[in-house]
Amino acid sequence: MSAPDDRLWQEIVYIAYYLHWSFDSILELDHRSRIRVIEEIGRINTALGGDQELSGAFAGWEG
């Protein structure tokens, strides 16, 4: 299991990678909202046949 700081960084990088949002914009989201965004990115990426390694990295993630 990752340390809390590591998990936060994973959330930030994942969202920034796919949505190109700024660091500050991502941090303005509460944890629950970040996880929801991550889940939606994963759904879209999977539906489009995107990078399974990246979309699967957060599969089942409940934060």
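Computed from the coordinates by the stated procedures, all read-outs in this text should not be read as laboratory data. It should be emphasised that the depicted structure is a prediction, and the values quoted were computed from it without experimental measurement. Note: ideal-geometry Cβ built from the backbone for every residue, glycine included; neighbour counts use all protein chains shown.
Values computed for the structure shown
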| quantity | calculated |
| --- | --- |
| Charged-residue dipole, Cβ positions (Lys, Arg, Asp, Glu), the range 1-40 about Cα centre, Debye nearest 20 | 80 debye |
| Radius 14 Å from Cβ of Glu40, net charge of other residues (Lys, Arg +1; Asp, Glu -1) | +2 |
| Inter-probe distance in nm under a simple model that places probes 7 Å from Cα toward Cβ, at Asp5 and Ala47 | 3.8 nm |
| Ordering of 18-30, 36-48 by burial proxy (mean other Cβ atoms within 10 Å per residue, highest first) | 36-48, 18-30 |
